Amino acid sequence: MEQLGSVLFIALDGDPPAELDLDRLPDASAVAARVKAAFESFMAPSATFAAGCDGEVIPPEAGLFLVYAFGHAWLSAGEPQTAIKAGSGSRLLVADELLRWLVPAAAADRTILILDCCHAAAFDSYVAEPHIPRLIVYACGRDEKAISLHGDQASRLSLALGSELTPRAAPLFGPQLSRSTPVDLVHTVGEVARYLDRNTVLTGQTVDYRMNGRAILLGRSHHAAAGGREGAVARIRGILIAGGATAAILMVGLGWFYWSHVLIEIDLAGLPTIAKDIRVAASEEDPSTNGSRVFDERGVSGNRVRVWAPASNVLIRIEGQYADGSDRALAFHLDVQRGFDPRTKMVSLALPPATAVTAHPGMAFVPATTWFHGLDSESRANESSYWIDIRPPTVASYLDVARRLMSEGKMEPYDSYILQARQRSSAVEATGLGQLHQLSNDLGKIFSIIEADSSEHVAAPGEIALGLGELPCDTCPAPMMRTEAELYCSSRNLRLPTDLEWELAVRGVDGRVYPWGNRLDEARANLPGLPKVGAPSPNLKPVDAYASERSPFGLVDTVGNAGDWVLASYDRSYMGATYRHNPSDATSYQLLPITDETSTIREITARCVAGPQVNP
């Protein structure tokens, strides 16, 4: 067994380039205290602990040399860089400079280097002779952030290492340790890596290491004393806050609160740089009653926000004012389970980068997640995030697009419902045959009833002669033919959503029947009820007629009103829309194919997606 001859803590707390707008670091002295507490029992009686070094790094004459570097790092032209304080200013260090400084050539085979900073694994390419440490640990991947917990004045890695290296009666996320048990440091790092990488929603930070010599078995010093009851409480708190639970010390006495709550930490990924008046609202959802209870709502100024939430059906929305005046919908919908396992006590979430948010005006972000699909609530996994239009285009906004596509030769008037309908309607009015409008609509309704009675598929009522019926209002959703809808999306470098993408965006992760819950509520959408035989279907309403009724991921006008074209196994399929013959037509999961090739469908529009290409 070996022991530590000395431990050196280095704060990488120099001034980073101002344009990077990096997060504020926890106090370096507090993090140093965490590191000392984690490794103190493995230090030889004559070993020293130092925080900071102004000049040459001097290794101990005997024993292992642990160097723990914590702070900022960033990539410049692909190369990792950092900075340290130097007098009244800062000194910039590129990767090979940092490694030559921290790993003395004469003691490289006795040196353990831990890089607890963002982009830590990017330094691996610059490890070279004669400055190759016996073990080097990277707190996160090349393109990842190392998580710091300001409320606890520590880094997540330092807390996890401290908890894993502490003797305990029962294992928490590693094997059982006793005071006489030697510690395999590489195995310990592996256990910490598995723990920090595991998350109930998104992958955490990816801890990695490189071993360049024989195994390191650390033995505890005889002077390391037990902490008694106070030490046990501190160790419990340490393992919990390693997952981000700042109030864990209270949970020791408040077991119910600990069992029934989780801490949710959200990385805003630079959102404050592109939006102002940012607010976070968290609610507990109850689809069985159409209920939604807001339990936390606040303004946010920093780049991270932490929310204590009940371990249940939780919806978190992040809203802000953007310079371009466009709306974005940013939300996370979580189904969190209750329990005592400390590994599930923190949920880490991250918004897409600010550049991605800026690039998707008028769209909603749907993260990778697990969810329940279909009538039978089949468990599904959405492996890739995507963006989808918050609302369909209105007639007025789409007219300009349709005319542009026609002027570019990409579409003829007969390819567009609106262009063709307006053209024919104008001709009818000019010839004084206005009574044909009502006749066309009446015949369309009669044939739709016959179709519904004789076919297993539902066909929407339309007009016998396109353009003779009542045109939708300027603020209503723009009706489109299927090919027209595809052209509209492709003109924006987007595509139609698949049926699964549409369903997840509309119903969220909990399998609710409607965007608002499991109970039909005619006051929340254009759903006036099942029409009587021979009665007209309801007219389209403006897209924002129910603007306050949003799906869990922020979509407007999804069920009721016009349907949305989707990509499915059957070429012409849509979802949503006001039901006409079956109540299930207007649910968040019903896929409706259209089989009548001779009828013109007017109540279907387009809602586009930015995401991976698919083959439905």
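The values are calculated or read from the model by the stated rules, or taken from the named source; none is laboratory data. From a predicted model like this one, the values you see are computed outputs, not experimental measurements. We place every Cβ from the backbone using ideal geometry, glycine too, and count neighbours over all the protein chains shown. To get the accessible areas, we keep the full protein, side chains included, count just its heavy atoms, and leave off ligands, DNA and RNA. Shrake-Rupley method; radii C 1.70, N 1.55, O 1.52, S 1.80 Å.
When the residues of segment 274-297 are filtered to those that are part of a strand (DSSP E or B) and among the polar types (S, T, N, Q), the one that is nearest to residue 360 (Cα to Cα) is 283.
Being modelled with pLDDT of 70 or more and under 19 Å from the mean Cα position of the chain (by Cα) narrows it down to one residue among 291, 270, 243; which is it? Talk me through it step by step, then tell me what you get.
Working: 291 fails: under 19 Å from the mean Cα position of the chain (by Cα); 243 fails: modelled with pLDDT of 70 or more.
None of the others qualify; the one that does is 270.
Evaluate the following for residue 347: is it of a type in the set (Val, Ile, Thr), in contact (Cβ under 8 Å) with a residue 40 or more places away in the chain and more than 30 Å from residue 471 (Cβ to Cβ)? Spelling it out, residue 347 is indeed of a type in the set (Val, Ile, Thr), in contact (Cβ under 8 Å) with a residue 40 or more places away in the chain and more than 30 Å from residue 471 (Cβ to Cβ).
Rundown of residues vs (1) under 29 Å from residue 271 (Cα atoms); (2) open to solvent by less than 10 Å² (accessible area, probe 1.4 Å); (3) not charged (D, E, K, R), yes/no style:
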site	(1), (2), (3)
14	yes, yes, yes
18	yes, no, yes
26	yes, yes, yes
44	no, no, yes
51	no, no, yes
56	no, no, no
65	no, yes, yes
71	yes, yes, yes
82	yes, yes, yes
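In segment 308-341, the residue that is surrounded by the most Cβ atoms within 10 Å (Cβ to Cβ) out of those that are within 19 Å of the chain's Cα centre (by Cα) and among the acidic types (Asp, Glu) is 335.
Looking only at strands (runs of 3 or more DSSP E) that fall completely inside segment 27-121, which ones have 1 or more residues that are of a type in the set (Phe, Trp, Tyr), in contact (Cβ under 8 Å) with a residue 24 or more places away in the chain and under 12 Å from residue 12 (Cβ atoms)?
Working: elements: 43-51, 64-71, 74-76, 79-86, 89-94, 111-117.
Strands (runs of 3 or more DSSP E) meeting the threshold: 64-71, 74-76.
Give me a count of the residues in segment 378-397 that are within 22 Å of residue 498 (Cβ to Cβ), among the hydroxyl-bearing types (Ser, Thr, Tyr) and either open to solvent by less than 50 Å² (accessible area, probe 1.4 Å) or part of a loop (DSSP other than H, G, I, E, B) (or both). Counting residues in segment 378-397 that are within 22 Å of residue 498 (Cβ to Cβ), among the hydroxyl-bearing types (Ser, Thr, Tyr) and either open to solvent by less than 50 Å² (accessible area, probe 1.4 Å) or part of a loop (DSSP other than H, G, I, E, B) (or both) gives 3. Restricting attention to segment 130-147, the residues being open to solvent by 20 Å² or more (accessible area, probe 1.4 Å) and of a type outside the set (A, V, I, L, M) number 6.
Of the set (1) more than 33 Å from the chain's Cα centre (by Cα); (2) β-branched (Val, Ile, Thr); (3) within 22 Å of residue 197 (Cα to Cα), all apply to residue 57 but (3).
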